[in-house]
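Read the figures in this text as sums done on the coordinates, not as results from a lab. As the structure is a prediction and not an experimental result, all values here were calculated from the model. Because the Cβ atoms are built from the backbone with ideal geometry, glycine has one as well, and the counts that use them run over all protein chains shown.
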Amino acid sequence: MRILSILLVLALIGVVGCTQQASEGTGDQQAVTTKEEAPAKAEAVAAMAVNVGDELTLTGTAGCGHCNFHIAESCAMAMQVADGTIFLLDGIGEDTEAFNQRTKGMEITVIGKVTEAGDANRLAVDSYEM
């Protein structure tokens, strides 16, 4: 009975410690958007509306359209800009260093023309720099 009581106390201490640590945060957690912040975020997304044929210069985080961003059916070069908009990048081949480094979250700047807009934005890349 005494061992059961000790185990129960230890379990409660562990639960309290976990909930306290979760409320303090670890710094690695994603930010939570409050209702007050939501309109500002919506405005930022609306500002990135693109149309087919638009010539763009974009800077953002490189990634894999399949592995990182989950918008492609297979591995593809992609990027995400500051407002969260994701672009699949055509013209950066699998034989390039950029393609091989795409999952490392490196910054990329691209210049190109929008070939698809909407749920999956696609950019024909004329040039890029990592």
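I need the peptides 59-71, 108-120 ranked by packing, meaning the mean over residues of other C-beta atoms within 10 angstrom, with the highest value on top.
So the peptides 59-71, 108-120, ranked by packing, come out 59-71, 108-120.
Between MET106 and HIS66, what is the spin-label point distance in nm, taking each point 7 Å from the Cα along the Cα→C-beta axis?
2.1 nm
Using Cα pairs under 8 angstrom and six or more residues apart, how large is the relative contact order of segment 50-129, in percent?
Averaging sequence separation for qualifying contacts and normalising by length gives 36 percent for segment 50-129.
Can you tell me the mean projection area, over all orientations, of the convex hull of segment 50-129's alpha carbons? Units nm², please.
For segment 50-129, the mean projected area of the Cα convex hull comes to 4.5 nm².
Please give the contour-minus-distance gain from THR57 to GLU97: 0.36 nm per residue of separation, less the Cα-Cα distance, rounded to one decimal in nm.
Gain on stretching THR57 to GLU97: 12.4 nm.
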